[in-house]
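The values are calculated or read from the model by the stated rules, or taken from the named source; none is laboratory data. Predicted model, so just to flag it, every value in this text is computed and none were measured. As a convention, Cβ positions derive from the backbone with ideal geometry for all residues, glycine included, and neighbour counts pool all protein chains shown. With ligands, DNA and RNA removed, areas are computed over all heavy atoms of the protein, side chains included. Shrake-Rupley method; radii C 1.70, N 1.55, O 1.52, S 1.80 Å.
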Amino acid sequence: KKQKGNTISVFNEHRQTAEIGLKPSVENELFKAIEREEFKLFFQPIVHVETGKVHYEALLRWFSAKLGSVPPDAFIVVAENNGYIKEIDAWVIENVCKTVATSNWITKVSINLSTKTLELTNFEQTLLTICQKYEIHPNQIELELTEHSLLDDEKVLINKLCSLRKAGFQVAIDDFGMRHASFNYLRVLPVDKIKIDKAFIEDIHQDSKEYVIVTSILSLAQKLGVKVTAEGIETDEQAKLMMAVSCNELQGYLFSKPVPVDVLMKMEQHTTDK
Ligand code: C2E
Ligand code: CA
Ligand code: CA
Ligand code: CA
């Protein structure tokens, strides 16, 4: 029964070397991840500046029995290419809703979705059915769309986003600014929010290029009536700067890393105890 391939043992010792040989096993193991219950949801707070209210982004974690902990950036793309992303996204939606339903303090969540999932026939209805099952109102859910696969079929996508928003779901463009089509998405897609990628926040200070770009995005978004979240806030300085330029929401390690819901609950109790 010794089936441990070379790639796995190499993985622990020399990650770089192993990555070349790793792809096929990520692919193989991924198909078994759901039934083996290897996925877990982590949550990261997003702070609404004006009200101080907090909602949470669900971020998927994969603890593979064979591969160890595999970061989403190493398997989401694989899943998008082989189609398994639809199963993954469905698992995420179901389990996020379950989490919201069983907690009495999480009032709103953001879910990352691949456009592959969104393009499924009846996706809107499926999502609504799950919400009904868990007695969750659509306005408790925000859908984050990543740009790289956004415009497979523009018209279909626009229609879907319209009906999702009509039902009460909110829609955000994720990683805003990282693709050359960012501004076109903002032009054609009906969205409530953009999330400025953490790459722009990393080195931001008042005399930086990033500051000019970020403040321009903010003023543009304000004129278009679109809200803005800044990702990757790690320092007080970054938070103060983003608040000073009226960014709507802040997210990053300064507030918390993504953590499991039970850890989140303890943090929540801690802050309300004070
Ligand atoms: P994303 O949606 O842009 O998520 C933000 C990423 O930045 C997360 O990485 C988060 O852990 C990380 N992050 C948050 N705050 C900070 C900070 O202050 N500093 C730094 N350096 N990083 C920060 P993560 O969890 O590894 O996720 C990577 C990407 O994988 C996500 O990027 C998202 O595109 C995708 N992803 C994660 N979960 C899901 C999911 O359930 N479904 C789908 N379709 N995609 C997912
Ligand atoms: Ca996201
Ligand atoms: Ca991002
Ligand atoms: Ca991303």
So which GluC sites (Glu not before Pro) in region 211-274 end up in coil per DSSP with only 14 or fewer other C-beta atoms within 10 Å? Glu234
Ignoring ligands, DNA and RNA, what accessible area per residue does region 103-207 give at 1.4 Å, in Å²? 48
Restricting to DSSP loop positions (anything but H, G, I, E, B) with no more than 16 other Cβ atoms inside 10 Å of their own Cβ, which trypsin sites (Lys or Arg not before Pro) remain in region 166-222? Arg179
Inter-centroid distance (Cα atoms) of region 109-125 relative to region 45-59, Å: 22
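When the helices in the chain are scored as -39500 (n - 2.57) per DSSP H run of 4 or longer and the sum is shared across all residues, what 222 nm value do you end up with, to the nearest 500 deg cm²/dmol? Write out the running numbers ahead of the final one.
Values: 12 runs with 132 residues, N = 274.
The helix-only estimate for the chain comes to -14500 deg cm²/dmol at 222 nm.
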Out of Phe169, Phe31, Phe42, a Gaussian network model of the chain with alpha-carbon springs under 10 Å gives the largest mean-square fluctuation to Phe31
Once you charge only the Cβ atoms, +1 for Lys and Arg and -1 for Asp and Glu, what is the size of the charge dipole of region 149-274 about its Cα centre, to the nearest 20 debye? 600
Among the aspartates and glutamates, select those whose C-alpha is under 14 Å from the C-alpha of Lys195, and discard any that sit fewer than 8 residues away in the same chain. Glu57, Glu142, Glu144, Glu147, Asp174, Asp175, Glu231, Glu249
In nanometres, what is the gap between the two model label sites at His205 and Asp73, each 7 Å from Cα along Cα-to-Cβ? 2.4
Would you mind working out the magnitude of the charge dipole of the chain relative to its Cα centre, with +1 at each Lys and Arg C-beta and -1 at each Asp and Glu C-beta, to the nearest 20 Debye? 520
Would you mind calculating the relative contact order of region 203-257 from Cα pairs under 8 angstrom and at least 6 residues apart, reporting the percent as a whole number? 34
Which angle between 0 and 90 degrees, to the nearest 10, do you get for helix 261-273 versus the longest principal axis of the chain when only C-alpha atoms count? 40
Given the options Gly232, Val78, Tyr185, identify the residue whose Cα lies farthest towards the positive end of the charge dipole of the chain (+1 on Cβ of Lys, Arg; -1 on Cβ of Asp, Glu). Val78
Alpha-carbon centroid distance for the pair region 190-223 / region 69-97, whole angstrom: 28
For region 67-90, list residues with backbone N below 12 Å from a point placed 7 Å from the Cα of Leu120 toward its Cβ? 84-90
For helix 85-102, report the angle its Cα long axis makes with the longest principal axis of the Cα atoms of the chain; keep it between 0 and 90° and round to the nearest 10°. 60
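Give the relative contact order (percent, whole number) for the chain; include only Cα pairs under 8 Å separated by 6+ residues.
Values: 390 pairs, mean separation 44.8, N = 274.
Computed over the chain, the figure is 16 percent.
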Given the candidates Thr115, Gly168, Gln132, the one whose Cα lies deepest towards the positive end of the charge dipole of region 81-177, counting +1 at each Lys or Arg C-beta and -1 at each Asp or Glu C-beta, is Gln132
GluC sites (Glu not before Pro) restricted to DSSP loop in region 61-117 with at most 14 other C-beta within 10 Å: none
Please give, to one decimal in nm, the separation of the simple spin-label points placed at Ala167 and His270, each 7 Å out from Cα toward the Cβ. 3.7
Please list, ordered by chain and number, the residues whose modelled amide H lies under 5 Å from the amide H of Val171; skip anything fewer than 5 residues away on the same chain. Leu143, Asp192, Lys193
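What is region 145-274 by shape, rounded, prolate or oblate, if you read a ≥ b ≥ c off the alpha carbon gyration tensor as root eigenvalues and call it rounded for a/c under 1.5, prolate for a/b larger than b/c, and oblate otherwise?
On the way: a/c = 2.10, a/b = 1.27, b/c = 1.65.
The shape class here is oblate.
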GNM flexibility winner over the chain from Val47, Val156, Val228 (Cα, springs under 10 Å): Val156
Residue of Asp262, Asp89, Asp73 that the Gaussian network model of the chain assigns the largest fluctuation, springs spanning Cα pairs under 10 Å: Asp73
For region 48-116, with all protein chains present and a 1.4 Å probe, just round the carbon and sulfur fraction of the accessible area to a whole percent. 53
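Mind putting a number on the dipole of region 55-133 about its Cα centre? Charges go on the C-beta only, +1 for Lys and Arg and -1 for Asp and Glu, and I need it in Debye to the nearest 20. All intermediate terms of the calculation are to be shown ahead of the outcome.
Working: 7 positive and 8 negative charges, 52 e Å.
Charge dipole, region 55-133, about its Cα centre: 260 debye, nearest 20.
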